[in-house]
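Sending over a structure as structure tokens; questions will come in a sec.
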Amino acid sequence: DDIAENDPTPHAEKARNYELRFLYRRAGFTIEAGGYVHRIKDVITNTLPWSRVYTNAGELKTDGVFGRVSHATRRTHLSLQYNHADTTINGQTATRYQYSSLVSRIGDTWVADAFWRPHDSVDLGWNGRLVQGLDDISIPAVITDGPVAYIDKPGYATHDLYVRWTPAFAPRVSLNLTVKNVFDKY
């Protein structure tokens, strides 16, 4: 019989998450910064990308830092945030090319957000996301059927626009119209 089977005795995943955050607010300004550590022991995943055979793959680690600066008034809100994360499995850079949908590593990410409230019941907003590229991502030989290959994952930027209406007669209800990825960035 050539049929592959899942690990008959998988170990339960065990996760630990730690986060340290600094937050300062004064006169409409907010500054936030921090770091985080995530650990999953005995992470369960496919044996090869997109296969249907599952087993324990080892330890998944993510270490990251983040920061945000924002300013808000009664009619406006502006913010800029940054996030950096490194994810590894058993000490090697983890990517979806090797571990399927378990991990999807992206580059450092910047997010800018702004909205204007021209009327008490209407918000007009913009959200921009810039993801920096990653270079020399290794693709294991077992996937390429040859030597280890290296690829680059280019960066990208997306822009979203939205209008939100909260009617005065129903303050717990809001209607949103959002156009995501305005410039159709692939």
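The values are calculated or read from the model by the stated rules, or taken from the named source; none is laboratory data. Keep in mind the model is a prediction, meaning the values are calculated, not measured. A quick note on method: Cβ atoms are made from the backbone with ideal geometry, for glycine too, and the neighbour counts reach across all protein chains shown. When the accessible area is computed, the model is the full protein with side chains, heavy atoms only, and any ligands, DNA or RNA have been set aside. Shrake-Rupley method; radii C 1.70, N 1.55, O 1.52, S 1.80 Å.
Show me the strands (runs of 3 or more DSSP E) found entirely inside segment 117-186 where at least 3 residues are farther than 22 Å from residue 106 by Cβ.
Per the criteria, 122-131, 156-165, 175-179.
Residue 66: touching a Gly at 6+ places or on another chain (Cβ under 9 Å) and open to solvent by less than 70 Å² (accessible area, probe 1.4 Å), yes or no?
Yes.
Report every pair of residues separated by at least 6 positions or lying on different chains whose Cβ atoms are under 8 Å apart, first residue within segment 41-53 and over 19 Å from residue 87 (Cα atoms) and at pLDDT below 70, second of a type in the set (Gly, Ala, Ser) and open to solvent by less than 70 Å² (accessible area, probe 1.4 Å).
Sorted first by the residue in segment 41-53, then by its partner, the pairs are 50/100.
Write out, first by first residue and then by second, each pair whose Cβ atoms fall under 6 Å of each other, whose residues are 6+ apart or on separate chains, and whose first residue, in segment 104-131, is within 24 Å of residue 87 (Cβ to Cβ) while the second is of a type in the set (A, V, I, L, M, F, W, C) and open to solvent by less than 60 Å² (accessible area, probe 1.4 Å).
106/131; 107/131; 107/134; 109/131; 129/111; 130/157
Tell me, which residue of segment 74-92 that is modelled with pLDDT under 95 and of a type in the set (A, V, I, L, M, F, W, C) is farthest from residue 42 (Cα to Cα)?
85
Looking for something open to solvent by 40 Å² or more (accessible area, probe 1.4 Å) and modelled with pLDDT of 95 or more - is there at least one such residue anywhere in segment 102-111?
yes
Here's another thing I want to ask about it. Of the residues in segment 126-182, how many are within 23 Å of the chain's Cα centre (by Cα), among the charged types (D, E, K, R), open to solvent by 80 Å² or more (accessible area, probe 1.4 Å) and at pLDDT below 90?
3
When you go through 33, 27 one by one, which is the residue that is surrounded by fewer than 15 Cβ atoms within 10 Å (Cβ to Cβ) and out of contact with any Asp or Glu (no Cβ under 7 Å at 6 or more places or on another chain)?
The match here is 27.
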